[in-house]
Every structure is written in C-alpha cells, then in structure tokens.
Amino acid sequence: MLDTATIGACCGGALVACEVVSCALVACCRETMQRKFPRIARHCGVCAKATSYRMFAGADTFLISFLVTGHVATATAVVGFELISKFCLYYGHEWLWTLPILQRLTRSN
C-alpha cells in the first residue's frame, strides 16, 4: 500500500512534468498556437504562469512543513497535495480574470 508521502510526491511530480511540457510547447510554438488555437494558447500561458509560481511556493511550503514536522516524508506529502490544490485554485483565478466582463474592470482607458 502506498503511503501519503509517496502519493503526494507522485501527484506533485506528475503536475510539474505536465506543466514543463506545457511551458516548452508554449515557448517553442507560441505564434503558431496563438494563430491557430488562441484559446489553447491562452490556457497554456496561464498554466505556465501557475507552474512557475507553484515551484517557488512549493519550495516554501516544503521548508515550512519540514521545520514544523521534522520529517521529510510528511513535508513531501504536504507539498504534493498542496501543489495540486493551489495550482487548480490559481488556474481558476487567472482564467476568471480573462473573461471579458472582468477584463473591463482592469482596463486603464
């Protein structure tokens, strides 16, 4: 049976791997994707932004969890699950702000 630390590490690792591929795809094919698949390109951009933020925040969470618990396995489990939950929250937040009704709130003119 898998323990919580292994499941958390696998979840976090799978998310990071998917997002690295997404970032590479956006970086290599940005113009083509924006021309042919504008909605997908927008989602990939939000994913890339979420991933870069989650990497820094995940390191912070690991350090705090390790300092509080003193166990690497527990800190790894916390980070793995936290990466998934916070990624989904951040992605949803960024996506909502791309909606036309909310973009009107942030326009400067």
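What to note about this one:
- Close amide H pairs (under 5 Å, H built 1.01 Å from N) link residue 37 with no residue at least 5 positions away or on another chain.
- Cβ-based net charge around residue 93, under 13 Å, with every Lys or Arg adding one and every Asp or Glu removing one: +2
Rule-based calculations on the coordinates, nothing more; no lab input. Note that this is a predicted model, so its numbers are computed, not measured. Backbone-built Cβ (ideal geometry, glycine too); neighbour counts: all protein chains shown.
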